[in-house]
Amino acid sequence: MPAVPEPPGAHERDLGTLATWLARRDEPGPDAPADVVVLCGSAVLASVAVVADAWHRGAAAAVLATGGVGHSTPHLADAVARHPRYRDVATAGRSEAAVLADLLRTHHGLPGRAISLEEASTNCGENAEFSVALLRRSPSRVRSVLLVQDPTMQRRTHASFERSLGAGFPTSLRSHAPFVPVVAGDAVRDPDGQVAWTRARFTSLVLGEVRRLHDDEHGYGPRGAGFIGHVDVPAEVLAAARRLLDADAGTDRPAWSA
């Protein structure tokens, strides 16, 4: 029996399902006050403007930029070099946090006193662990934290910070991805029209995130690596991920269950 052709746009709809779920955006949004806004290192430069706008509106009392030198650092350097406004900021040999802080100061007018740096972390889990350690040592009580991260990593970053904060730390935590990615042609663009990812790279990233967040032996949850707490992945997200994997015969498909 011949295969039924995939309806036009089905691939994009499935990518949209994954992208919308991964780009966690909690209510209230970035207009609501937070004691600290944590800007996590990534190559998604739209995050910088979101944090700067929150600070200028008075919604952010302070900013903590987190990120040392890791696997995403070259991608950040490339994104800065290609950006029409940000390309004058030096990246060579610098931490992700230092570069992001420079963007906030140089192009968005934040004073240096408003920004703290965490420059030792090399991955998402360390972003959370080392940032929370700094928050615990803060001279003023931190009662609310807003996280801003790469949209594909926002949900996993939130889970990492929840784990590092622990149940006994009296701090409210909310996330706001800078935008919800939409695949258009062969690329995903940010709100400024800059290419954030090629279609192929974006597909690989979102499928990898669902694999990490799904709590089984392949994931980062308690049933797998134990890097984060349990995350409920909606059935429609898992179904969309399975269809995307089935469409790529070269992909090693995990045994996900709904």
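Tabulated data
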| quantity | calculated |
| --- | --- |
| Residue in segment 92-102 that is modelled with pLDDT under 95 and either of a type in the set (A, V, I, L, M, F, W, C) or within 21 Å of the chain's Cα centre (by Cα) (or both) present | no |
| Unique match (being surrounded by 13 or more Cβ atoms within 10 Å (Cβ to Cβ), modelled with pLDDT under 95 and not in a helix (DSSP H, G or I)) among Ala167, Ala196, Ala255, Ala249 | Ala196 |
| Of all residues in segment 30-50 being within 8 Å of Leu146 (Cα to Cα) and among the hydrophobic types (A, V, I, L, M, F, W, C), the one that is farthest from the chain's Cα centre (by Cα) | Ala34 |
| Hits in segment 215-232 (condition: over 17 Å from the mean Cα position of the chain (by Cα) and either acidic (Asp, Glu) or surrounded by 21 or more Cβ atoms within 10 Å (Cβ to Cβ) (or both)) | Asp215, Asp216, Glu217, Gly219, Gly221, Asp232 |
| Considering residues of segment 116-131 that are in contact with a strand residue (DSSP E or B) (Cβ under 9 Å, 6 or more places away or on another chain) and within 19 Å of His176 (Cα to Cα) only, the residue surrounded by the most Cβ atoms within 10 Å (Cβ to Cβ) | Asn127 |
| Total residues in segment 150-181, condition more than 15 Å from the chain's Cα centre (by Cα) and of a type outside the set (Lys, Arg) | 9 |
| Residue in segment 117-131 that is of a type in the set (Ser, Thr, Tyr) and farther than 24 Å from Leu213 by Cβ present | no |
| Yes/no for Leu207 being surrounded by 13 or more Cβ atoms within 10 Å (Cβ to Cβ) and in contact with a Gly (Cβ under 8 Å, 6 or more places away or on another chain) | no |
| Scan of segment 170-193 for residues that are outside any strand (DSSP E or B), farther than 27 Å from Ala54 by Cα and touching a helix residue (DSSP H, G or I) at 6+ places or on another chain (Cβ under 7 Å), ordered by number | Asp186 |
| Neighbours by Cβ (under 9 Å, 6+ apart or cross-chain): first from segment 209-222, assigned by TED's automatic domain parsing to the domain that holds Arg242 and modelled with pLDDT of 95 or more; second part of a loop (DSSP other than H, G, I, E, B) and among the polar types (S, T, N, Q) | Glu209/Thr152; His214/Ser257; Asp216/Ser257 |
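The values are calculated or read from the model by the stated rules, or taken from the named source; none is laboratory data. From a predicted model like this one, the values you see are computed outputs, not experimental measurements. Heads up, the Cβs are rebuilt from the backbone with ideal geometry, glycines too, and the neighbour counts pull from every protein chain shown.
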